[in-house]
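A short write-up of the structure that comes next.
The values are calculated or read from the model by the stated rules, or taken from the named source; none is laboratory data. Since the structure is predicted, the reported quantities are computational estimates derived from the model, not experimental observations. Counting neighbours? That spans all protein chains shown, and the Cβs are built from the backbone with ideal geometry, glycine included. Ligands, DNA and RNA are excluded from the accessible area calculation, which covers all protein heavy atoms including side chains. Shrake-Rupley method; radii C 1.70, N 1.55, O 1.52, S 1.80 Å.
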Amino acid sequence: MVDPATARRARYCLLFLGLAAAILFVRLLPLSTVPARFPAPDLILCLALVWVMRRPDYVPALVIALVFLVDDILAMRPPGLWALIVLLGTEFLRAREATLRDLPFAVEWSMASALILAMMLANWFVLTVFMVPQIGLGPTVLHALATGLAFPLVLAATLAALRLRSPARGEPDTRGGRR
């Protein structure tokens, strides 16, 4: 028999995979033939950051790496670069989970936005160094800004619809406690 905490982690991991697949599917649909004037936010990145900041045990590093590797392949980007950068960013947050647990929302949002900007600039810089054709620095910063502004919306939707909350202050183990 599977213990309830393990079953709960597996359900949330599958839910994350399903949400990521749905976002990828919608992103691939040809909904408009007119080029966008403002870049759309990276909702999968927001979702991954929210889940890692709230409950890092529900989304293992391997799942994040695989989701973003599939995203690289479907978006026709260099395979693995963005996945590696996102994995490093989420592991940076995962290592600071105990510190992030008690931060006010404004600090959490600014930390996530700064991390989003740093990850996107690192991706842009590596692609520039290796002379890979890409968009300019301005659209990259706008994309990071749009993703940072979408973070609170994804957080609110996650809290409201999925009830994915941070562990309680006195909860000893975030990997197995019932809530």
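Summary table
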quantity: GNM result for the chain, Cα springs below 10 Å: residue of Ser32, Ser166, Ser113 fluctuating most strongly; calculated: Ser32
quantity: Computed helical MRE - 222 nm, the chain, DSSP H runs ≥ 4 contributing -39500 (n - 2.57), nearest 500; calculated: -21500 deg cm²/dmol
quantity: Sequence of Ile85, Ile23, Ile116, Ile135 from largest to smallest accessible area, 1.4 Å probe; calculated: Ile135, Ile23, Ile85, Ile116
quantity: Solvent exposure of the chain as accessible area per residue, Å², 1.4 Å probe; calculated: 57
quantity: Correct option for volume of the Cα convex hull per residue in Å³ [calculated from the coordinates] among (i) 127; (ii) 149; (iii) 175; calculated: (i)
quantity: Selection of trypsin sites (Lys or Arg not before Pro), the range 14-101, meeting DSSP coil and at most 16 other Cβ within 10 Å; calculated: Arg37, Arg96, Arg101
quantity: With every protein chain in place, the chain: carbon and sulfur % of accessible area (1.4 Å); calculated: 73
quantity: Over the chain, relative contact order from alpha-carbon pairs under 8 Å, at least 6 apart, %; calculated: 31
quantity: Gain on full stretching of the segment that runs from Leu15 to Leu31 - 0.36 nm per residue minus C-alpha separation; calculated: 3.3 nm
quantity: Highest-MSF residue in the chain out of Gly148, Gly18, Gly136 [GNM, Cα springs under 10 Å]; calculated: Gly136
quantity: Contour excess over end-to-end distance, with Cα ends at Leu66 and Thr6 and 0.36 nm allotted per residue; calculated: 19.5 nm
quantity: Rounded to whole Hz, the Karplus (6.51, -1.76, 1.60) HN-Hα couplings of the range 40-50, x for glycine and proline; calculated: 6, x, 8, 5, 5, 5, 4, 4, 5, 5, 4
quantity: Where labels lie 7 Å past Cα in the beta-carbon direction, separation of Gln134 and Ala161 in nm; calculated: 3.0
quantity: Accessible-area order (highest first, 1.4 angstrom probe) of the listed residues Thr99, Thr128, Thr140; calculated: Thr99, Thr128, Thr140
